[in-house]
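What follows is a single structure, written as structure tokens, with notes after it.
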Amino acid sequence: MPGNIGPFEIAVVLVIVLIIFGPKRLPELGQSLGRSIREFKGSISGDHDDKPVVTEIDEGEKDKVETTVTATPVDPDKPRETSAGS
């Protein structure tokens, strides 16, 4: 029967996951799974937040991240303000 999942079956699945992903990627996988479940529950209940999601970036991954910069138009007739203290 597919509904009878016991502790032995759960342990076997966890050992297989540990072998496939390794101990270093397991916490990352858990965070990703938890985030996905929260987003799924939020979309089901209609609870959407428009705040941007901020995630931590590993030191080795910084060169792979794209950065978008938004510029504000400058009026050429208006003098520029500087943030340096003079």
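Rule-based calculations on the coordinates, nothing more; no lab input. The shown structure was predicted, so the numbers you read here are calculated from the model rather than taken from an experiment. All Cβ positions, even for glycine, are placed from backbone atoms using ideal geometry, and neighbour counts span all protein chains on display.
Annotations for the structure displayed:
- Theoretical FRET efficiency, 1/(1+(r/R0)^6), r = Cβ-Cβ of Glu28 and Ile5, R0 30 Å, to 0.05: 0.75
- Taking label points 7 Å from Cα along the Cα-to-Cβ direction, Ser43 and Asp75 give a separation of 4.5 nm.
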